[in-house]
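Asks: The structure that follows is given in the form of structure tokens.
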Amino acid sequence: MRKTLILAAMLAAAPVVASADELSYTYAEAGWTQVKINDNELNDPSLDGAYLRGSFDIADKVNLFAGYSQVRKSVSWGNGVRSKFQLGQPELGAGYHMNMSDRVDFTADIAWLRLSLEEKVSGAGEFNGTYKDHTNAGRVTIGLRGKPSARTEAWIKGGALDGSDMDTEFVGVLGGQVKFNKTWGVVAEGQWQGDFAQYSVGVRASF
């Protein structure tokens, strides 16, 4: 909570710099991602993989975005029994952004996403096979995005995630970017919801 308040204060109080580029909502991004699950029975497993994400500004204050991430992990249960887990998550949504100052935007997003879990079991005799499950959900968030300096960006969002097979859960997002030039930058982001936390590091090309 303390980090969240500090970041929000930095975004709101950042002074205007005339040479700073405007925030871009048209970009393509890819990188590494990790999902951590809070589950004592499974010893809080971490699944690693990759993600793709993109956004396109279709109007003055409206953008469409889409993404896909996939993470995997192999688990040995002993006596030759193994499980290979795979979690895939596509998402599609729309965003709204409005200038609060020359350096800070208010943002609001709404998105559909699908959580698809697959487990392949081997070494378990009659229980060998592939087991699949999925759920569809909707996510709504609001937040701030701004430029603490000419070559850095930061964003913070909070909202709710709800689906037919799950209870409503709070979603928190904290992220940032360091830009090498007007186009290229390195991004890092953390997202927390219920028993899940997802961390991502990637490269973004803004247009």
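The values are calculated or read from the model by the stated rules, or taken from the named source; none is laboratory data. For clarity, every value in this text was computed on a predicted model and none was experimentally measured. Heads up, the Cβs are rebuilt from the backbone with ideal geometry, glycines too, and the neighbour counts pull from every protein chain shown.
Asks: Report, by residue number, each residue of region 106-147 that is under 19 Å from the mean Cα position of the chain (by Cα), surrounded by 18 or more Cβ atoms within 10 Å (Cβ to Cβ), over 18 Å from Gly163 (Cα atoms) and not β-branched (Val, Ile, Thr).
Replies: Gly143, Leu144, Arg145, Gly146
Asks: Name the one entry in Gly194, Gly176 that is among the small types (Gly, Ala, Ser), out of contact with any helix residue (DSSP H, G or I) (no Cβ under 8 Å at 6 or more places or on another chain) and crowded, with 16+ Cβ neighbours inside 10 Å.
Replies: Residue meeting the stated conditions: Gly176.
Asks: Does Val62 count as closer than 30 Å to Phe207 by Cα, surrounded by 15 or more Cβ atoms within 10 Å (Cβ to Cβ), in contact with a Gly (Cβ under 9 Å, 6 or more places away or on another chain) and not aromatic (Phe, Trp, Tyr)?
Replies: For Val62, the condition - closer than 30 Å to Phe207 by Cα, surrounded by 15 or more Cβ atoms within 10 Å (Cβ to Cβ), in contact with a Gly (Cβ under 9 Å, 6 or more places away or on another chain) and not aromatic (Phe, Trp, Tyr) - is not met.
This table checks each residue for (1) among the hydrophobic types (A, V, I, L, M, F, W, C); (2) more than 19 Å from the chain's Cα centre (by Cα).
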| residue | (1), (2) |
| --- | --- |
| Ala154 | yes, no |
| Gly159 | no, no |
| Val171 | yes, no |
| Gly176 | no, no |
| Thr183 | no, yes |
| Ala188 | yes, no |
| Trp192 | yes, no |
| Phe196 | yes, no |
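Asks: Here is a further query. State which residue pairs qualify: first residue under 21 Å from Ser116 (Cβ atoms) and at pLDDT 95 or above and inside region 150-165, second residue part of a loop (DSSP other than H, G, I, E, B) and not hydrophobic (A, V, I, L, M, F, W, C) in any location, beta carbons under 6 Å apart, and separation of 6 or more residues or different chains.
Replies: As it stands, the answer is none, since no pair meets every condition given.
Asks: Among the residues that make up region 77-88, is at least one of them surrounded by fewer than 17 Cβ atoms within 10 Å (Cβ to Cβ), closer than 27 Å to Val186 by Cβ and not small (Gly, Ala, Ser)?
Replies: No, region 77-88 contains no residue that is surrounded by fewer than 17 Cβ atoms within 10 Å (Cβ to Cβ), closer than 27 Å to Val186 by Cβ and not small (Gly, Ala, Ser).
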